[in-house]
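Student: Let me give you the structure first, and then I'll get to my questions.
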Amino acid sequence: MGSPLLRGAPPARAEPRVGEKPRAWGRSHLSCGDVRRECVPGVGAQAGVQRQALTAAGHRCAVPSLLGVAVGTHPTWPEIVRRVARAARPLPGPATLVVHSNAALFVPAIVEELGERVARVVFADAPLPDGIAPAGQLRLLRELADQDGPLPPWTTWFAERDVAAMLPDPEVRRRVEEEQPRLPLAHFEQTLPAVDGWRRLPCAYLRFSPAYESVAAAARARGWPVTVLPGGHLHQVVAPEAVAAYLMAGA
């Protein structure tokens, strides 16, 4: 899962055209980290820079914790949705929901829970909501899992050069590696609710890494505005000012 972000917004406008910047996103934000990298994007000075840029422009920011969400009862999605909803309560709505990475897969359930409090959705370097994990990814994860079920820490799933490119700051990487959990395979095998309410909302796509270009192309084909901020998959940690500027541009 990736990083949902809710931002307060005025009532929804008409569906944006291809290439058009999303507008009127509102001025309050709710960000939560990936359960695979539990302190991302709320990590150290980078998160502080992004939050300072947003708050200086009059935006409100809040970060719900997903620490420990995948430990214990399964499926995990109800608790994830509860924590996002609880963190969203103080924000004036309706809101813009911005999700990073696999957090996008929980968008249908989050929108179903929050209802009219979500006005639009922005997907940041994320898949589109069509399942918790593709079959090919599940095969890989099953090979990685120990006999008792838990997976190794997320940063060990990839080659060192790829992790170094995503997390070039040694201190940020240290914090990510200290806090990342060993998730149970069951987290990726769970079945999410098949609800389609989110499809009625205006959506936009923010692409960081080339790996998500095919998804960005699919978003363009749906008529969504697509913006590219070139970088790695965790660009919101590496370049928080740039991502904050993108979010503020829609305010």
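Student: What residue, of Pro153, Pro168, Pro129, is at pLDDT 85 or above and within 23 Å of Ala194 (Cβ to Cβ)?
Tutor: So the residue among Pro153, Pro168, Pro129 that is at pLDDT 85 or above and within 23 Å of Ala194 (Cβ to Cβ) is Pro129.
Student: Among the residues of region 189-207, which ones are in a helix (DSSP H, G or I) and either surrounded by 17 or more Cβ atoms within 10 Å (Cβ to Cβ) or modelled with pLDDT of 90 or more (or both)?
Tutor: Within region 189-207, Gly197, Trp198, Arg199, Arg200 meet the criteria.
Student: Also, I was wondering about something else. Which numbered condition in (1) part of a helix (DSSP H, G or I); (2) among the charged types (D, E, K, R); (3) over 30 Å from Pro90 (Cβ atoms); (4) over 19 Å from the mean Cα position of the chain (by Cα) is the only one that Glu178 fails?
Tutor: With (1) part of a helix (DSSP H, G or I); (2) among the charged types (D, E, K, R); (3) over 30 Å from Pro90 (Cβ atoms); (4) over 19 Å from the mean Cα position of the chain (by Cα) applied to Glu178, the lone miss is (3).
Student: Quick one: would you say Leu167 is touching a Phe, Trp or Tyr at 6+ places or on another chain (Cβ under 9 Å), in contact (Cβ under 8 Å) with a residue 24 or more places away in the chain and of a type outside the set (Phe, Trp, Tyr)?
Tutor: Spelling it out, it is not the case that Leu167 is touching a Phe, Trp or Tyr at 6+ places or on another chain (Cβ under 9 Å), in contact (Cβ under 8 Å) with a residue 24 or more places away in the chain and of a type outside the set (Phe, Trp, Tyr).
Student: Now for a separate question. Counting only residues that are within 29 Å of Glu213 (Cβ to Cβ) and either among the hydroxyl-bearing types (Ser, Thr, Tyr) or surrounded by fewer than 19 Cβ atoms within 10 Å (Cβ to Cβ) (or both), how many does region 77-114 have?
Tutor: Residues in region 77-114 being within 29 Å of Glu213 (Cβ to Cβ) and either among the hydroxyl-bearing types (Ser, Thr, Tyr) or surrounded by fewer than 19 Cβ atoms within 10 Å (Cβ to Cβ) (or both): 2 in total.
The values are calculated or read from the model by the stated rules, or taken from the named source; none is laboratory data. It should be emphasised that the depicted structure is a prediction, and the values quoted were computed from it without experimental measurement. Neighbour counts are summed over all protein chains in view; Cβ atoms, including those assigned to glycine, are modelled from backbone coordinates with ideal geometry.
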